[in-house]
Amino acid sequence: MADKLFIFDTTLRDGEQVPGCQLNTIEKIEVARALEALGVDVIEAGFPVSSPGDFNSVRELSKAVTWPTICALTRAVEKDIEVAADALKYARKKRIHTGIGVSEYHIYNKLKSDPEEILERAVAAVKYARRFVDDVEFYAEDAGRADNAFLARVVEAVVRAGATVVNIPDTTGYCLPGEYGAKIKYLMEHADGIHKAVISTHCHNDLGMATANTLAGVLNGARQVEVTINGIGERAGNTSLEEVVMTLRCHKDIDIDTDINTQRIIEVSRMVSNLMNMPVQPNKAIVGRNAFAHSSGIHQDGVLKNRETYEIIDPKDVGLEDSAIVLTARSGRAALKHRLELLGFVPEQDELDKIYAEFLKLADKKKDIRDEDLLQLAGDTTGRGTQGKIRVKRLQVLSGTVIPAAVVVLDIGGTEFTASATGNGPVDAAVTAIKSLIDRKVIIQEFLIQAMTKGSDDVGRVHVQIHQVDTHHVVHGFAANTDVVRAAVEAFVDGLNKLMNKEE
Ligand code: KIV
Ligand code: ZN
């Protein structure tokens, strides 16, 4: 059986230190429950002495989750440890994470101290924390830039004092993978008693090497990794959970694995991104919008013949429905045909040739070819038309008033229908009006607005995930417009058209 790697998630502590990403306690509970369902072993819930809000979050999270250990951060200070222990009172499994700086920068500049005093303070903090809990993790802050011989002395001393886990953070993201791996190896070989504790990695991404360094640590003996969802965290972020977990799933030869239910990765990634207002970069490994999108003709052809030609992960394994074939001027006939078929339009070879020629002209002018454009093109080129399409003909909304309202005129299969409704905002009102015109029960499961560039004249791109209750079909609708209400309505209608196409 594969060796177990413990997942210590610090999205709600190190991740939440990102400016503008603070969550309230209710939101933290939502994330913590999602992390529990994802299968993480430890949730670092906050730094209780830092603020009453953090204290309260640690306390409430302790009540809200069952399986993961709840961990609270402290400095090597008695008061911090007492407050952390109090905040953890209701946790079924609890851990205090205490520590101190061990590099010369920290010892002499920040702490105005010397190595011997640091050793004493480290040992005293661990012993004090052990008075309150059985599970104490010690962090050797800035271990990445610390002298290995001194670090080994610290590790030996804190394990002797009762630390169950020892964290070797590359606090500044300075290390190279070989260097970080060698550091862990050195400690495994030179710190007496180290095998009584679990060694943990905690890598920052300042040089873009957090995941590589973490894996180097694991390959050299670390059995816990400290990670965040989407790699969020201070400055350039922390190691991302999804990258480490999926690397181990892909490289079965490593024979180390986690308990993560990978099919929940996308759901948790989107939840964290939405709640923290932190869009995921489109090319982010595993969870970025383009991580499973193929746009060049050669790649599309390969993927359509056999997904594994250009994909090392099955998108379903991380919770996506499928890979995406993105149509651009570089796409080939195979991709165009595939997309048309998904939209319910099956072209003959000569029709495909004609549509392809028109498609290339359009793709040269417009970088974002939407399903709507394709169906229009297919209908115009072949004279077959596209049956049953829903289009937004007119939209009028009233917002900023006591009761937001919307009037929507839709063209459904060539006939005009009008509806009006009120809602808790203009989008809600318009969506309610549209729902009253369609004969299917749908639920919006996700709604994401992203600015494409910057500025108040920006184009808003909207993504909605829609679930049809009776068929359990799930589709994604997209639209972009400078008017975000219009974009939201069009994205909803785009999703409805996709649902209709699934049934044809
Ligand atoms: O980066 C770091 O060193 C930390 C410690 C507090 C664990 O976040
Ligand atoms: Zn950190």
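Read-outs throughout are calculated quantities, based only on the coordinates presented, and are distinct from any laboratory measurement. In this text the structure is predicted, and so the values were computed from the model without any measurement. Using ideal geometry, Cβ is built from the backbone for each residue, glycine included, and neighbour counts are taken over all protein chains shown.
Assuming a ≥ b ≥ c are the square roots of the Cα gyration tensor eigenvalues, decide whether segment 309-419 counts as rounded (a/c under 1.5), prolate (otherwise, with a/b larger than b/c) or oblate.
oblate
Output ³J(HN,Hα) for segment 123-134: one whole-Hz value per residue in order, computed from phi by the Karplus curve 6.51 cos²θ - 1.76 cosθ + 1.60 with θ = phi - 60°, and x for Gly and Pro.
Taking θ as phi minus 60°, the curve returns 5, 4, 5, 5, 4, 5, 5, 5, 5, 9, 9, 7 Hz for segment 123-134.
Compute the normalised compactness of segment 201-257: alpha-carbon radius of gyration over 2.2 N^0.38 Å, N being the residue count. Present the calculation step by step, with values, prior to reporting the outcome.
Numbers: Rg = 10.7 Å, N = 57, 2.2 N^0.38 = 10.2 Å.
Against the empirical 2.2 N^0.38 Å value, I get 1.04 for segment 201-257.
Among 306, 345, 359, pick out the residue whose Cα is farthest towards the positive end of the charge dipole of segment 293-377, where Lys and Arg carry +1 and Asp and Glu carry -1 on C-beta, about the Cα centre.
Among 306, 345, 359, the one farthest towards the positive end of the dipole of segment 293-377 is 359.
For segment 3-275, restrict the atom set to alpha-carbon positions and state the Rg and Dmax in Å.
17.0, 48
Which of the trypsin sites (Lys or Arg not before Pro) found in segment 89-175 are in a DSSP loop and have at most 14 neighbouring Cβ atoms, other than their own, within 10 Å?
In loop regions of segment 89-175 (DSSP not H, G, I, E or B), the sparsely surrounded trypsin sites (Lys or Arg not before Pro) are 89, 92, 112, 131.
List the residues, sorted by chain then number, that are 5 or more residues from residue 204 or on another chain and whose placed amide H is less than 5 Å from its amide H.
Residues meeting the amide H criterion: 170, 173.
For segment 145-154, just list the computed ³J(HN,Hα) in residue order, Karplus coefficients 6.51, -1.76 and 1.60, θ = phi - 60°, integers in Hz, with x standing in for Gly and Pro.
10, 8, 5, 4, 5, 5, 4, 4, 5, 5
So in the chain, what percent of DSSP beta bridges are antiparallel if you round to the nearest 5? Walk me through the numbers before you get to the answer.
Numbers: 34 of 71 bridges.
Of all bridge pairs located within the chain, approximately 50 percent are antiparallel.
To the nearest 20 Debye, how big is the dipole of segment 3-275 about its Cα centre, given +1 on the beta carbon of each Lys and Arg and -1 on that of each Asp and Glu?
It comes to approximately 600 debye.
Project the alpha carbons of segment 158-209 onto their principal axes and report the range along each, largest first, in whole Å.
Principal axes ranked by extent give 34, 18, 12 Å for the Cα atoms.
For segment 97-173, just say rounded, prolate or oblate: build the C-alpha gyration tensor, square-root its eigenvalues into a ≥ b ≥ c, call rounded for a/c under 1.5, and beyond that prolate if a/b exceeds b/c, oblate if not.
prolate
For 373, 350, 54, what's the fewest-to-most ordering of other Cβ within 10 Å of each Cβ?
Ranked by crowding around the Cβ, least crowded first: 350, 373, 54.
When the helix-only estimate is applied to the chain (DSSP H runs of n ≥ 4, each -39,500 (n - 2.57), divided by the residue count), what is the mean residue ellipticity at 222 nm, nearest 500 deg cm²/dmol? It would help to have the intermediate numbers written out before the result.
Numbers: 15 runs with 191 residues, N = 504.
Per the formula, -12000 deg cm²/dmol.
Relative to the compact-globule scaling 2.2 N^0.38 Å, provide the ratio for the alpha-carbon radius of gyration of the chain.
1.14
Specify which residue in the list 288, 399, 327 is farthest towards the positive end of the charge dipole of the chain, using unit charges on the beta carbon of Lys, Arg (+1) and Asp, Glu (-1), about the Cα centre.
Projecting each Cα onto the dipole axis, the largest value belongs to 399.
Using the Kirkwood radius built from alpha carbon pairs, what does the Stokes-Einstein equation give as D for segment 44-94 at 4 °C and 1.567 mPa s, in µm² per second?
125
Relative to the present Cα-Cα distance, how much length would full extension add between residue 196 and residue 90 at 0.36 nm per residue of separation?
Between residue 196 and residue 90, full extension yields an extra 35.4 nm.
For the chain, find the longest principal axis of its Cα atoms and tell me its angle to the long axis of helix 241-250, 0 to 90°, nearest 10.
80
Principal axis extents for segment 236-363, Cα atoms only, whole Å, descending order, please.
The Cα atoms of segment 236-363 stretch 52, 37, 25 Å along their principal axes.
Suppose the chain between residue 37 and residue 366 were pulled fully straight at 0.36 nm per residue; how much longer would it get relative to their current alpha carbon spacing?
114.3 nm
Taking the 0 to 90 degree range and rounding to the nearest ten, how far is the long axis of helix 78-87 tilted relative to the main principal axis of the chain, both from C-alpha atoms?
40
For a footprinting-style exposure proxy, rank 434, 312 by other Cβ within 10 Å, fewest first. Walk me through the numbers on the way to the answer.
Details: 434 23, 312 11.
Going from sparsest to densest Cβ surroundings: 312, 434.
Let's see if you can work this out: charge +1 on each Lys and Arg Cβ, -1 on each Asp and Glu Cβ, no other charges. What is the dipole magnitude of segment 390-503 about its Cα centre, in debye to the nearest 20?
60
Of 88, 241, 119, how do they rank once you tally other Cβ atoms within 10 Å and put the fewest first?
Ascending Cβ contact count within 10 Å gives the list 119, 88, 241.
Over the Cα atoms of segment 390-503, compute the convex hull volume and normalise it per residue, giving Å³. Please list the in-between numbers first.
On the way: hull volume 11.1 nm³, N = 114.
Enclosed volume per residue, from the Cα hull, is 97 Å³.
Whole-Hz ³J(HN,Hα) for each residue in segment 279-286, computed from phi via Karplus 6.51 cos²θ - 1.76 cosθ + 1.60 with θ = phi - 60°, x for glycine and proline: what do you get?
x, 8, 4, x, 9, 4, 4, 6
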